[in-house]
1. Within the range 34-48, can you find the residues that are farther than 14 Å from PHE23 by Cα and open to solvent by 30 Å² or more (accessible area, probe 1.4 Å)?
2. Restricting attention to the range 98-120, does a residue exist that is at pLDDT 90 or above, in a helix (DSSP H, G or I) and not aliphatic (A, V, I, L, M)?
3. Within the range 73-84, does at least one residue satisfy the condition of being open to solvent by 20 Å² or more (accessible area, probe 1.4 Å) and within 18 Å of the chain's Cα centre (by Cα)?
4. Where residues in the range 17-32 are over 21 Å from TYR65 (Cβ atoms), touching a residue at least 12 places away in the same chain (Cβ under 8 Å) and under 14 Å from the mean Cα position of the chain (by Cα), which of them is surrounded by the fewest Cβ atoms within 10 Å (Cβ to Cβ)?
5. For the range 77-96, which positions are charged (D, E, K, R), farther than 13 Å from ASP10 by Cβ and modelled with pLDDT of 95 or more?
Amino acid sequence: GGGPAAPGADPAAGSLSTGLHLFTEHCAGCHQVVARGGMTVGAVIPSLQRATPLQIAEAVRVGPYVMPHFDADQIDQHQLDSVARYVLWTRHPSDDGGWGLYNIGPIPEGIAAWFIALLAMLIVARLIGERLEEAKR
């Protein structure tokens, strides 16, 4: 009792672009830009896909386990709201122009497209080869 009130965040009051910038600058090194978590020396970094705005605010202000804490001088309330908004947005990001394979960028999509194209080429080559054998008989 008598301590400071629990920190909170209002994602509706935040800016998505500001949240992306701040999350990339302060959080993505451990949590990935898509907030899916990761691993680092001596710790397993949790995914933020189920975190509530209250949990995000508390983690930013308190800094659980090996996570650093950020006081109001480093990340003000509007910025905290923006980070919470961005984290909530990562649950259902827009996949404009791609498949959105784990939402980690165009490279996995390109690799998948190359494998699909290679498989299609192999099937076509096989069909052509079978038709040539039938024509020789």
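The values are calculated or read from the model by the stated rules, or taken from the named source; none is laboratory data. On a predicted model such as this, the values are computed, not experimentally measured, just so you know. Cβ placement follows ideal geometry from the backbone for every residue including glycine, while neighbour counts extend to all protein chains displayed. The protein model used for the area step is the full one, side chains on, heavy atoms only, and it has no ligands, DNA or RNA in it. Shrake-Rupley method; radii C 1.70, N 1.55, O 1.52, S 1.80 Å.
1. First, pick out the residues of the range 34-48 that are farther than 14 Å from PHE23 by Cα: 38-46.
Scanning the range 34-48 gives MET39, THR40, VAL41, GLY42, VAL44, PRO46.
2. Checked the range 98-120: at least one residue is at pLDDT 90 or above, in a helix (DSSP H, G or I) and not aliphatic (A, V, I, L, M).
3. no
4. Once the filter is applied, the top-ranked residue is LEU20.
5. Keep residues of the range 77-96 that are charged (D, E, K, R), which gives 81, 85, 91, 95-96.
After this cut, where a residue has to be farther than 13 Å from ASP10 by Cβ as well, the list is 91, 95-96.
Hits for the range 77-96: nothing passes.
Table: residues versus (1) under 19 Å from GLY8 (Cα atoms); (2) at pLDDT 85 or above; (3) part of a helix (DSSP H, G or I); (4) not charged (D, E, K, R).
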position	(1), (2), (3), (4)
GLY29	no, yes, yes, yes
ARG36	no, yes, no, no
MET39	no, no, no, yes
GLN49	yes, yes, no, yes
GLN55	yes, yes, yes, yes
GLU58	yes, yes, yes, no
ARG61	yes, yes, yes, no
MET67	yes, yes, no, yes
ASP71	yes, yes, no, no
